Structure formats: C-alpha cells, structure tokens
4 protein chains.
Amino acid sequence: MSKYIELKKECYEANMELPKLDLVVYTFGNVSAVDRKEGVFAIKPSGVPYVDLRPEDIVILDFDNNVIEGNMRPSSDTKTHALMYKHWEKIGGISHTHSTYAVAWAQAQQDIPIFGTTHADHTTFDIPCAPPMADELIQGNYEHMTGQQIFDCFIDKGFSYEDVEMVLIGNHGPFTWGKSAAKAVYNSKVLEELARMAYLTLQINPNAPRLKDALIKKHYERKHGANSYYGQS
Amino acid sequence: MSKYIELKKECYEANMELPKLDLVVYTFGNVSAVDRKEGVFAIKPSGVPYVDLRPEDIVILDFDNNVIEGNMRPSSDTKTHALMYKHWEKIGGISHTHSTYAVAWAQAQQDIPIFGTTHADHTTFDIPCAPPMADELIQGNYEHMTGQQIFDCFIDKGFSYEDVEMVLIGNHGPFTWGKSAAKAVYNSKVLEELARMAYLTLQINPNAPRLKDALIKKHYERKHGANSYYGQS
Amino acid sequence: MSKYIELKKECYEANMELPKLDLVVYTFGNVSAVDRKEGVFAIKPSGVPYVDLRPEDIVILDFDNNVIEGNMRPSSDTKTHALMYKHWEKIGGISHTHSTYAVAWAQAQQDIPIFGTTHADHTTFDIPCAPPMADELIQGNYEHMTGQQIFDCFIDKGFSYEDVEMVLIGNHGPFTWGKSAAKAVYNSKVLEELARMAYLTLQINPNAPRLKDALIKKHYERKHGANSYYGQS
Amino acid sequence: MSKYIELKKECYEANMELPKLDLVVYTFGNVSAVDRKEGVFAIKPSGVPYVDLRPEDIVILDFDNNVIEGNMRPSSDTKTHALMYKHWEKIGGISHTHSTYAVAWAQAQQDIPIFGTTHADHTTFDIPCAPPMADELIQGNYEHMTGQQIFDCFIDKGFSYEDVEMVLIGNHGPFTWGKSAAKAVYNSKVLEELARMAYLTLQINPNAPRLKDALIKKHYERKHGANSYYGQS
C-alpha cells in the first residue's frame, strides 16, 4: 500500500472542493498538497474532469519534478507548484483556478485594491497582479518560470508569502496557497469574492477610496497574530 | 437542561438561513436572537463554519457582554449586537453578513437610493451608509463603537430603528435587525436584493430618478401601519 | 367539493414555478389563472411564502373583485389582475414578479430595446415601460389604476396585448400574461432573460443598434402566425 | 430496431447537457451529432422542452435536409446544421444556444477579444461575430443562409473551422462545433465563460490589451498539436 495515501486523499479532497465552490468548470484548475517530511507533493493529474477524478489518480512528485508515484501525467502547471514548494518552505498547499472575477482582474492587468474589511480580514495589501512574462521566458521553461514570475512580483512589491497568500498572474489567473491544501482552496474562494466585490465597488463609485490604515490594521489583527480574537483558540 | 434551549434554537435556525440564502460563505456573518424577559441574547460562536454549527454551540450573553452560558467564544462582532439590544429595546434579532452587493455599496461609501416599490415595500428611506469610524475609536473598543457608529448614523439622518431596519457600515458591510432573528435575516436578504437592483438601475440609467413620494408612501402603507392590506391579518 | 379545483391547481402550479425559475424570493410575486366560462379567476393569497402555499389556499374572485371562494385575503395586486381579465378577453393567465433585471429596467424608466432574435422570437416590439402613475391616482384606487396604467401605455404605444405579452410598470416591476397561467410565467422568465441580455449588450456596446426589421419579422414569423414552423404542430 | 440508436443517444445526451450547464432555458438551443459513414445527422426536435425530451424523439436527416427517421419536426435551425456538416467534413457535432453573455456580444455585434490564457487554451483568435445577413437572404432560405453566413465570416477572417470551433451570429447567438456532439457542447460552455470574462475585463479596464503573441502561442500549443502536453495521452 502507498505510503502517500493520506497525502493523496488530502489533495483529492481539496481538488473536489473547486467545482463545489463554483471556481472551476470541466478540467480547469488544480490543487496540490505537500508532505514536508518526505519532500514530496501530490497534485491533480492533467486534464481529468473532476467528476472522474479518484484519489488513486493523484500524482506524487518531488520538488525537482520527478514523479515518485502515479501512472498519470501530472497537471501541466506542476513545475509552478514544485518551485513554489521548494522556495516557500512554510506553505502546505497550492491552488490554481480560472475563477471568473479573479481572471477578469488578471486580464485587466490590475492589482485588486483593498476596499473593505472583508479584504483586510485576509491580508493588509492589494492583491498583486504579476505583469506578463518576457517573451524569451515564455518560450523556455514556461511553467517553471511562472513560479519565478510570482517570486519576482513578491520581491518587487516587498511582500512576504506568509502575509499575502494570493496572486494574479497577468492575463492568466489566480494562484493561492496556505498552510494546507484546504486553506489554499479557501483562499481561492475568498479571492474570487474579493475580486467580485472590488469590481462592483468600482462600478458603483469609480473614485471609491482604499480602506484606511486604521481599519486595515484592526481587521487583520482581529484574525491574525498574538492578539487575535476571531475563531476558537 | 438549559433554560435557553428555545432561544439557542431560534438563533441556530436563523444563522443556518444565511448560507441557504447565498448571503455568506465559510464562517462569514452572524445572527443573534434576544430574550427580553431574561435580558440575554444568543449569538453564533466565532469562526465556526455553518456546516459544523450545532444549536448547542450557540453562546448566551447579557447586554454587557458577560457570557451567561456556552463554552465557545462568541462572534467577534458580539459587542455590536449587545449595544444594539441595550439601546434599541424593541428589536428581537440582529443579522450581519458580508453579502456581495451590500458590501459593494458599503465599500463605495454610498447610501442605497430608493428607486422602486420593492424598496418602498420595506422602508421609505434610502438605506444609510454610516461613514467610517474615526481612527482613535477603531484602536479602542472597536466592536462596541461599531454599535455607536450605527446610532450616530441614525441620529444624523433622523431615522428611527423601527422605520429603517438596515444599515451599511462604510467599508465593512450590512447589519439588519427586526422583531425576531428570522425577520433580521429576511431583512439581510431583502437588502442584498435592493442593493443589486439599485446597482443595475444606475448601470442602465445613471440619471434614474428616486421613487416619487406618492409611490413611496403608498407602497409602505400597503404593508405597514393601521391601514395596511398586505398579507393575512 | 369545490368546482374550482382544477383552476386552483393550475394557479398553484404556475405560482410554484416562480421560485424554481429564480424569479421571486419570499412572498414576492403572484400568478393568476382565469376560467372564462365561469367568469372567475384564481390568485395567490397575499403574503404567503411559496414554501407554505397549498392549492386550497388559492382565492377565487370575479372580475369585479368579489371573493367567490376562499378564506384567505387575495394578493394585494388582485385588482390589477381583475381589470386586465375584464378588458383583455383572450388572456388566460397573468404573472407579476420583482425579478431583478426587469425591475432594474423599470426603475431606470426605460423600454427594453429589441437587440436580438431571442427578443424577436417573442415579440416584434421593444418591451414598454409604463411611466409612473399620477399622484392623485396613486392615492385613490391604486391597484385598479395599475391595470388602467397598463392599458394607457398600450394605447399610447399602439400595441395589442396579443402581440406584446409583457410590460414594465415604471419604478415597480413586470407584469406578463398569456393564453394560460403557465404561459404567463414562461413570459416572466423570458422577459427577465431579455432584460439581462439587453443590459449586458449596452454595457459592451452603448451604441448597439436595434435589430433590423427583416430579422424581427423573420424570427417572429418562425414562431407565430400561419406560416410558423417552430415547434410541433 | 433503429440503426441510429447510438447516434440518437449521443445527440440526446449532448442536448441534455445544455440545461445542466445553464446554457439554455425552456426549449432554446439545439445540438446535433453526425454519422459520417451513413451520411446522416441526428438533431433535437423543434420546441420540445428538455425536461420532456427522450432519445427516441431525436430526428435523423441527411445533409440535404431529408428526414430519414423520426416522427417529429426537427429543430427550426436544422438547415444550418445540415449545411455545416456538408461543407465542414471533419466536424462530428454542432451546438447552438442562446447563452446570456455570448448573446450579449452577438447583440453588441463585436468579436470577443482574446484577453487571456483561458481563451488561448482553446483558440488563438478572437471569437468572430458574423455581421447580420442581408435582407434579401433573410427573406429567402434563412436557416440555410445562416450556414452560408458562418462560412462567409470564416473566409473573410481567413479562419479554419478546425482552428476556431465557435462563432457568434450577429444579433442572434453562438454556434459551436467539434469532433463530437459532446465537444461541441463543451465549446458552448467555454465560449459562454470566455464571453463573461472578456465582458468583465473591459468593465474593469476599457483599455485592457489583447494577450501577447508569445502567450497565445504557448498556451495553445500546450493543449494542441504534436508537442502538446496537457491531458493524458
């Protein structure tokens, strides 16, 4: 019996949340889960409809993209996941979707401004949109470079991946991550909702102001850090 | 056996309406129900997903935020509810959501204009958007001051909480209330629909006029007051 | 046993379609069905949630608003239905909703332009929006005058109720009708979809042209009249 | 027993996907499937609600519109399908809907620009919108000429039907096709989602740039051609 059974199950269940949360249609999207002790991650096989997906179809790879277990071809975005796990050592799961409103902001090549406390409950920064990749990189090791594109965006913005768990790839769509695959998927849903709220806000008031600093700080600290008081301890 | 079993059940059932009505995702939102005779109210515990919520998880508090019964931490918005129950003596329930269109208006920092009879069936006034709180208050007893923020907005507008059962907190989202927790939730759903209709109205016609006074009066009086003739008596 | 059992059932079933088709929430909306031979119509009781509605709750009235059978108060819009049945002798059912996009156009006080063949499949004209009622009429026999408001709008436009089976009451919402209650509800759903498509069309292209006459004629005649060839004969 | 049982079943099942995917209401839309060896295609009967549709209702015709088997009148759009099968010899299925966002672009008479990789995953070109038909053709053999209208649009754009499997008929709505009826329906859903994403993109940023060539090429080649690496081989 596979030693990765629990990891595959975590990955499978997180993937199956995507269609339930209306974040994907057909085979779009993919979620991975990592086992830090074993140095491997589990990811959805490429192009398999969610309705057909089974836990045993999940593919196990190391952080250099070697398949460790599994008969199916892993997600075409696998190299992006691998690079993110390799360099961001505290993340436990990654989720990628083509959810509608997040994609629309990515196609508009704009950061999602922080307009309200729903946003500040999750991060204190605008959701960054990484600018499209240089042509020579696209023609090369594209999915690997997508990971690099995310890192470059975070370096450029001065962001930590622990403070901001979501990014838009310009003209493509969102990647989100978190302590677990389930948290990564949670962030995909939250991002889609923030994208939709921000879109509507600007339609109602094109001059809507960013949330002021005192409210950003207050709401973030209600949910995060030593003095947080949201949820059950 | 708890003497608050019925109150907890009322509170639980009203909370469970929120996801069914598409007003919340995950743990967003909270509904409370009051027992005026006992001087206590029941509220959702903080950060518990609706799918896991049980009637026995509901927390009972008095109007000074002392926990009377329950092992879980109450909603992070509890102090707002407490203050509202303390000062608005005829309300029986309060509902708070982050429903999409209501939040968009709150983030746009605009009142929702009364454009039609759907709105006038429920209140004769624009839905007020309370301006964001002063920084020094945010850093203090924030959730308590959110209640004060609502009172200040109603004083400023000259509104009675019996005539207008809904408010937007600028940059945050809606609070609604009513004779019961179920009525508070009903008002959350109605508000979301009014917010959506008003948004679409302005997209179609940026110069759409407010509903004229004769129609406001007529529709409100069809449903409210001595000469109402809507519903079964 | 009531002689109106079949009529009540027709009315009940047509009403129950409204929530299934996402055209109403709570108690909004009402559908009626007529029995021309008996000179009566059946209508939803006022303020009853769809989830509680039973066939035996349906109220039977004549065209002068006298209750013929039923213990409940009929819909507050009953007089509008009665007047329409009295004067438009070939209609078999009437439906009234507060569906979102149709209400938005009504609140914008604009006719819905005919932009495509989906529209022309159902009528060759823009969907008319009746201007708001004069104040002195609102204060009088309001629901009766709403029927008159619809007639006046059709006279003003030169429309026949057989050619155009839908209208928007300015600042209120849509009424639709047809050969049967089921057809009236069908028209409510079609109208909501036409309203949504027209809204999106203008958002994409504010100068979108009306559908040209040759296409209007062709599509309408595919479905209506002596040479129609849509559906099973 | 009919020799077309399998073909009818394929056609039936593809049709039944349309309401499940929220692409149609009532009787709108129709899907066909072809049997190249027999030189016939199967299509939905005209005006039959999906809820009533049965596999045995499906009509079999040859490419000159002669009914080969079936007692019901075929879809009013049958001649369009026939002409497409006759001239585009590698397509296996055709789908026609009135899905909301695709219709809105058709009514706006605009091509859907390629804004992102979701689009490039499926085609490298803007989705073409065929200009409305000349009046004299509308009055003639209209549905036959709709097929011609599609061919003319593709000739005009220099498109191959194998590279672009979708088109908007100006003021009408989308037709899509593919190797099978199921693939044609898949393309209907993808088109609707591309139409919605492009709409939102332009609402957020009216100056959103087209996707750059290197990304168009890369994403299309990930999924298509000799060096594709998406899905299971």
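Listing for the model above:
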item: Conditions (1) in contact with a strand residue (DSSP E or B) (Cβ under 6 Å, 6 or more places away or on another chain); (2) open to solvent by 20 Å² or more (accessible area, probe 1.4 Å); (3) more than 25 Å from C:Glu162 (Cα to Cα): number failed by C:Asp52; result: (1)
item: Flag if D:Gly47 is within 14 Å of chain C (Cβ to nearest Cβ) and over 30 Å from A:Asp22 (Cβ atoms); result: yes
item: Condition broken by B:Tyr12, with the remaining ones in (1) free of Cβ contacts under 8 Å to residues at least 40 places away in the same chain; (2) open to solvent by 30 Å² or more (accessible area, probe 1.4 Å) satisfied; result: (1)
item: Where D:Ala106 falls short, out of the listed (1) within 14 Å of another protein chain (Cβ to nearest Cβ); (2) more than 16 Å from D:Pro174 (Cβ to Cβ); result: (2)
item: Unmet requirement for C:Gly140, which otherwise passes all of (1) within 14 Å of another protein chain (Cβ to nearest Cβ); (2) surrounded by fewer than 22 Cβ atoms within 10 Å (Cβ to Cβ); (3) not in a loop (DSSP other than H, G, I, E, B); result: (3)
item: Output for the stretch B:57-74, where each listed residue is open to solvent by 10 Å² or more (accessible area, probe 1.4 Å) and within 14 Å of another protein chain (Cβ to nearest Cβ); result: B:Asp57, B:Asn65, B:Val67, B:Gly70, B:Asn71, B:Met72, B:Arg73, B:Pro74
item: Near pairs, Cβ below 9 angstrom, 6+ apart or cross-chain, from the stretch A:206-233 (on the phi > 0 side of the Ramachandran plot) to any residue that is open to solvent by less than 60 Å² (accessible area, probe 1.4 Å) and among the aliphatic types (A, V, I, L, M); result: A:Gly231/B:Val48
item: Cβ-Cβ under 7 Å pairs, at least 6 apart or on other chains, the stretch C:74-98 side over 29 Å from B:His122 (Cβ atoms), far side part of a helix (DSSP H, G or I) and aromatic (Phe, Trp, Tyr); result: C:His87/C:Phe151; C:Ile91/C:Tyr85
item: Residues that are out of contact with any His (no Cβ under 6 Å at 6 or more places or on another chain) and not in a helix (DSSP H, G or I), drawn from the stretch A:3-28; result: A:Lys3, A:Tyr4, A:Leu21, A:Asp22, A:Leu23, A:Val24, A:Val25, A:Tyr26, A:Thr27
item: Leading residue by the ranking (farthest from B:Gly170 (Cα to Cα)) among those in the stretch B:116-132 that are open to solvent by 10 Å² or more (accessible area, probe 1.4 Å) and touching a helix residue (DSSP H, G or I) at 6+ places or on another chain (Cβ under 8 Å); result: B:Asp121
item: Scope the stretch D:30-49; condition open to solvent by 10 Å² or more (accessible area, probe 1.4 Å) and small (Gly, Ala, Ser); matching residues; result: D:Gly39, D:Gly47
item: Search result, residues across the stretch A:79-100 that are polar (S, T, N, Q) and open to solvent by 10 Å² or more (accessible area, probe 1.4 Å); result: A:Thr100
item: Which numbered condition C:Leu215 fails, given (1) surrounded by fewer than 20 Cβ atoms within 10 Å (Cβ to Cβ); (2) over 28 Å from C:Val24 (Cα atoms); result: (1)
item: Positions within the stretch B:218-229 being surrounded by fewer than 17 Cβ atoms within 10 Å (Cβ to Cβ) and aromatic (Phe, Trp, Tyr), in sequence order; result: B:Tyr229
item: Looking only at the stretch C:108-146, and only at residues there that are more than 22 Å from D:Ala102 (Cβ to Cβ) and among the small types (Gly, Ala, Ser), the one that is modelled with the lowest pLDDT; result: C:Gly140
item: Meets criteria (more than 11 Å from chain A (Cβ to nearest Cβ), hydrophobic (A, V, I, L, M, F, W, C) and touching a residue at least 24 places away in the same chain (Cβ under 8 Å)) for B:Ala42; result: yes
item: Failed item, numbered, when A:Phe151 is tested on (1) surrounded by fewer than 24 Cβ atoms within 10 Å (Cβ to Cβ); (2) within 16 Å of D:Leu215 (Cβ to Cβ); result: (2)
item: Test for A:Ala14: is it touching a Gly at 6+ places or on another chain (Cβ under 6 Å) and away from every other protein chain (no Cβ under 14 Å); result: no
item: Filtered residues of the stretch A:182-213 (kept if outside any helix (DSSP H, G or I) and either touching a helix residue (DSSP H, G or I) at 6+ places or on another chain (Cβ under 6 Å) or within 8 Å of chain B (Cβ to nearest Cβ) (or both)); result: A:Asn205, A:Ala208, A:Pro209, A:Leu211, A:Lys212
item: Verdict on B:Leu21 being in contact with a strand residue (DSSP E or B) (Cβ under 9 Å, 6 or more places away or on another chain) and touching a residue at least 40 places away in the same chain (Cβ under 8 Å); result: no
item: Number of the exception - B:Arg196 against (1) open to solvent by less than 30 Å² (accessible area, probe 1.4 Å); (2) closer than 30 Å to C:Asn205 by Cβ; result: (1)
item: Test for D:Asp35: is it of a type in the set (D, E, K, R), over 28 Å from C:Gly116 (Cβ atoms) and in contact with a Phe, Trp or Tyr (Cβ under 8 Å, 6 or more places away or on another chain); result: yes
item: Residue count, the stretch B:144-180 (criterion: assigned to a helix (DSSP H, G or I) and among the small types (Gly, Ala, Ser)); result: 1
item: Residue list for the stretch C:17-38, filter: farther than 18 Å from C:Leu191 by Cα and within 14 Å of another protein chain (Cβ to nearest Cβ); result: C:Tyr26, C:Thr27
item: Residue satisfying condition, being of a type in the set (A, V, I, L, M, F, W, C) and more than 30 Å from D:Gln139 (Cα to Cα), within set C:Leu168, C:Leu211, C:Leu191; result: C:Leu168
item: So D:Leu200, is it in contact with a Ser or Thr (Cβ under 8 Å, 6 or more places away or on another chain) and touching a residue at least 40 places away in the same chain (Cβ under 8 Å); result: no
item: Test: residue in the stretch D:166-181 that is facing chain A (nearest Cβ under 10 Å) and buried (at least 23 other Cβ atoms within 10 Å of the Cβ); result: no
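The values are calculated or read from the model by the stated rules, or taken from the named source; none is laboratory data. None of the values given here were measured: they were computed from a predicted structure. Neighbour counts run over all protein chains shown; Cβ positions are idealised from the backbone, glycine included. Side chains are part of the model used for accessible areas, which takes the heavy atoms of the whole protein and leaves out ligands, DNA and RNA. Shrake-Rupley method; radii C 1.70, N 1.55, O 1.52, S 1.80 Å.
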